[in-house]
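Peer 1: Sharing a structure with you now.
The values are calculated or read from the model by the stated rules, or taken from the named source; none is laboratory data. Predicted model, so just to flag it, every value in this text is computed and none were measured. With ideal geometry, Cβ positions are generated from the backbone for all residues, glycine too; neighbour counts draw on all protein chains shown. What goes into the accessible areas is simple: the full protein's heavy atoms, side chains included, and nothing from ligands, DNA or RNA. Shrake-Rupley method; radii C 1.70, N 1.55, O 1.52, S 1.80 Å.
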Amino acid sequence: MKKIIYSVLMMATMAFTLTSCEDVPLPYGWPFANGGGDDPTEVPVDAQGTGTVDDPFNAVAANFFASQLGAGSESDHDVYIKGKIVKYKEEFSTQYGNATFWISDDGEDENTFYVFRTLYLGNVKYTSGDKPQVGDEVVICGRVTNYQGNTPETVQNKSYIVSVNGQGGGEPQPTETLGTIDNPITIKQALDIINGLADNATSDKQAYLSGKITTIKTTDASIAQYHNIDYVINDGTGEITVFRGKNLNNTDFNKAGEINVGDEVTVLGNLQKYVDKNGNVIPEVAQGNYIVKLGGGSAPSGDAKGDGTEANPYNAVAANNAASALPSGGESEEVYVEGIISTIKEVSPNYGNATYYISDDGKANNEFYVFRGKYLNGENFTSADQIKVGDKVLLKGKLLNYMGNTPEFAQGNYIVKLTPGEGGSGEQGGQQGGEVSGNTITVTMADFGLANATDAGTLTLTDGTKLVFAGGENTNNTPKYYTSGSAIRMYAKNTLTITASKAITKVVLTCNEPANGSYYNGNDMMYGEAGGKRITVKKDSDTQVTFSGFSNNSLFICNDYTEAKAGTQLRIVKMVITYAE
């Protein structure tokens, strides 16, 4: 049994080329005939085949093989699967060129395997002609995945039909690309292609795109769990979101810092015109993309200064150099590093730490990565506004050469000295917005003059109170301002931290009116936290919610939900903050 499980693990981690199905022998074979028993990890008795061209998996074996992959992971090589079509979910069409159906050994609706959006004979999109019928025996070749950890299936557009009732469709056609690795298309060209696609459609061809990373959207926890990253690149002609991208050579990301804001990357993937449930078009490089070139946009290239002592601390370049000189995974003794905060990735009052970058001039070049650092003298961060872009910091901690390719300040570092700066790119619009009357301030989200579909980020009111909007556990949708409705939209699990110089006693939010049966006053699970106290939201009406019953300089609001998607949006049009008298 150990041999069986070991074989499965080996199969799930081998790396192969993703151009066409090749008859790749499995490293140790897969003795399905001995399956069964009470151990849930044992191979099922009815599983047959080894996944090769001469010995394809049957539906049971394919299900088992895919189910051994991590949640959301896909196989690192192509496999062959054989069975009879039980029923279609999506028939072949000329619009998308693929189809979705179930197969089983005997064509009956039992022990089926889910073939999701597979391509046609010869690894091309379906255009016209006969289609496989229910009852036809097909051989499928391609990648498989364990979607959401509970649905074994083929990967969209990464499998194709090899034969129907024993009749093949010829050799797979070579895949053409838009641009090349050394001569990628511009992002403007990519956007023009995307604009010509149907809603939620993807391009027929993969495209090479190159640009500088301007934003990394995915949280550290999500990277560790799902091993991909959402980020934005810009090449001067435009910008585009890279959705759930993989690392170099289609390998997993394992930790934040493997790519950074400022890095130059070249990616390969299909283009997609994604339309969210609110009708907003988001041009993307579709899931399945990966980095083919990783430049050094934020690698150390300036003058190294300092020796790491408190009297003569390292600058960002010297800290990068010293960390890079350590063995892979190696840590230094405690050293001092000084710089100006250039980018804030995350401040987490819940965990008491912050992840950010520093540089000599506070700009996003020659940066050093500060991973989960503590506040002054090692104390926890308690609010998101305790540091900002432009602040000068003296830090103490251990350098780490994570994975041999990511120099950083190891978790546990802390700020020794903090000198406030003049603010910077971390804030949207400075001190603008809000009308003070007595002990209240009233602000509409339209007051800030944000462009449509802009990340809300950090907003400052006229009295200095800060509104810090963040994605929270939702790595796909961060709070954004939309001119339609003149509201900042907070999605499931998004957060808002309100911090003032005096105690806040009440916050009233006015929301968009319901429309077409949808409400916009937040989830019923929404809550606030102030001074360690959980504040229950009061829904005054369909368009107003109130947080009260506390007195604290900071209020943390979470539009909580059972998962980081769906639910009821909190669309904030206006906010009234009441302070203690």
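Peer 1: Which trypsin sites (Lys or Arg not before Pro) in the stretch 206-301 pass both tests, a DSSP loop state and at most 12 other beta-carbon atoms within 10 Å?
Peer 2: For trypsin sites (Lys or Arg not before Pro) across the stretch 206-301 that sit outside H, G, I, E and B with at most 12 neighbouring Cβ atoms in 10 Å, the list reads K277.
Peer 1: When the accessible area of the stretch 353-408 is split by element with a 1.4 Å probe, what percent falls to carbon and sulfur?
Peer 2: Reported share for carbon and sulfur atoms: 42 percent.
Peer 1: So if we plug the beta-carbon distance of S128 and T151 into 1/(1 + (r/R0)^6) with R0 = 22 Å, what FRET efficiency do we get, rounded to 0.05?
Peer 2: Step by step, r from the Cβ atoms, then E = 0.10.
Peer 1: Counting pairs of alpha carbon atoms under 8 Å apart in space and at least six apart in sequence, what relative contact order in percent does the chain give?
Peer 2: Value for the chain: 7 percent.
Peer 1: Just name one of Y356, P56, N200: the one whose Cα is farthest towards the positive end of the charge dipole of the chain (beta-carbon charges, Lys/Arg +1, Asp/Glu -1).
Peer 2: The residue sitting farthest along the positive end of the dipole is Y356.
Peer 1: So if I take the centroid of the Cα atoms in the stretch 80-103 and the same for the stretch 323-350, what is the distance between those two points in Å?
Peer 2: 50
Peer 1: Across the chain, how large is the tail of the calculated P(r) beyond 42 Å, expressed as a percent of all Cα pairs?
Peer 2: Percent of Cα pairs beyond 42 Å in the chain: 32.
Peer 1: Right, another one. Compute the accessible area per residue over the chain, keeping the other protein chains in place, probe 1.4 Å, unit Å².
Peer 2: About 44 Å² of surface per residue is accessible.
Peer 1: Could you give the length gained by full extension between K205 and T309, i.e. 0.36 nm per residue of separation minus their alpha carbon distance, to one decimal place?
Peer 2: 32.1 nm
Peer 1: Please grab the % of Cα pairs in the stretch 468-581 that end up more than 19 Å from each other.
Peer 2: Pairs farther apart than 19 Å: 40 percent.
Peer 1: With Kirkwood's inverse mean 1/r over C-alpha pairs for Rh, give me the Rg to Rh ratio of the stretch 57-209, two decimals please.
Peer 2: 1.00
Peer 1: Another question, if that's okay. Around N165, what is the net charge, scoring Lys/Arg as +1 and Asp/Glu as -1 over all other residues with Cβ under 13 Å from its Cβ?
Peer 2: After counting each charged neighbour, the total is 0.
Peer 1: Right, next: Please give me, ordered by residue number, the GluC sites (Glu not before Pro) of the stretch 309-390 that lie in loop per DSSP and have at most 13 other Cβ atoms within 10 Å.
Peer 2: Qualifying residues, ordered by number: E310, E379.
Peer 1: Taking the full set of protein chains and a 1.4 angstrom probe, give the accessible area of T237 in square angstrom, rounded to the nearest 10.
Peer 2: Solvent-accessible area, nearest 10 Å²: 70 Å².
Peer 1: Run the numbers for T462 and D542: contour at 0.36 nm per residue of separation, minus the present Cα-Cα distance, in nm.
Peer 2: Stretched out fully, the T462 to D542 stretch lengthens by 25.9 nm.
Peer 1: Based on the Cβ-Cβ distance of A446 and K277, what FRET efficiency does E = 1/(1 + (r/R0)^6) give at R0 = 22 Å, to the nearest 0.05?
Peer 2: 0.45
Peer 1: Further, regarding this structure: Can you give the net charge of the other residues whose Cβ lies under 11 Å from the Cβ of P184, counting K and R as +1 and D and E as -1?
Peer 2: With Lys, Arg at +1 and Asp, Glu at -1, the neighbours total -1.
Peer 1: What spacing in nm lies between the two simple spin-label points modelled at T562 and N321, each 7 Å away from Cα in the Cβ direction?
Peer 2: Reported label-point gap for T562 and N321 is 5.6 nm.
Peer 1: Are there chymotrypsin sites (Phe, Trp or Tyr not before Pro) in the stretch 488-544 that DSSP puts in a loop and that have at most 14 other Cβ atoms within 10 Å, and which ones?
Peer 2: Sites meeting the loop and neighbour criteria: none at all.
Peer 1: Determine the principal axes of the Cα atoms in the stretch 132-225, then give the extent along each, sorted from largest to smallest and rounded to whole angstroms.
Peer 2: 50, 34, 27
Peer 1: Sticking with this structure for a sec: Cross-link partners among lysines for K131, C-alpha distance below 16 Å, same-chain residues fewer than 8 apart left out?
Peer 2: Here the lysines satisfying the reach criterion relative to K131 are K84, K87, K89.
Peer 1: Give me the compactness ratio for the stretch 310-353, meaning the Cα radius of gyration over 2.2 N^0.38 Å.
Peer 2: 1.41
Peer 1: Okay, moving on. How compact is the stretch 49-120 by the rule of thumb for globular proteins, expressed as Cα Rg over 2.2 N^0.38 Å?
Peer 2: Dividing the Cα Rg of the stretch 49-120 by 2.2 N^0.38 Å gives 1.12.
Peer 1: So, one more: Have a look at the DSSP beta bridges in the chain and tell me what percent are antiparallel, nearest 5.
Peer 2: Once the DSSP bridges in the chain are tallied, antiparallel ones form about 90 percent.
Peer 1: Order I185, I358 by their accessible area, 1.4 angstrom probe, all chains in place, largest first.
Peer 2: Correct descending sequence by accessible area is I185, I358.
Peer 1: Above 25 angstrom, tally the Cα pairs of the stretch 382-537 and express them as a % of all pairs, no decimals.
Peer 2: Percent of Cα pairs beyond 25 Å in the stretch 382-537: 42.
Peer 1: Relative to a virtual label point 7 Å from the Cα of E108 in the Cα→beta-carbon direction, which members of the stretch 42-56 show backbone nitrogen distances below 20 Å?
Peer 2: Within reach of a label on E108, which here means backbone N under 20 Å from a point 7 Å along Cα→Cβ, the stretch 42-56 contributes 44-49.
Peer 1: Could you derive backbone 3J(HN,Hα) for the stretch 441-453 from the dihedral phi with the Karplus parameters 6.51, -1.76 and 1.60 (θ = phi - 60°), listing whole Hz in sequence and x where the residue is Gly or Pro?
Peer 2: Each residue's phi maps through the Karplus curve to give 10, 10, 9, 9, 5, 5, 4, 7, x, 6, 6, 4, 6 Hz.
Peer 1: Carbon and sulfur atoms: what percent of the 1.4 Å accessible area of the stretch 191-243 do they account for?
Peer 2: That share works out to 44 percent.
Peer 1: Which value does Rg/Rh take for the stretch 290-392 over its C-alpha atoms, Rh per Kirkwood?
Peer 2: Rounded to two decimals, Rg over Rh is 0.98.
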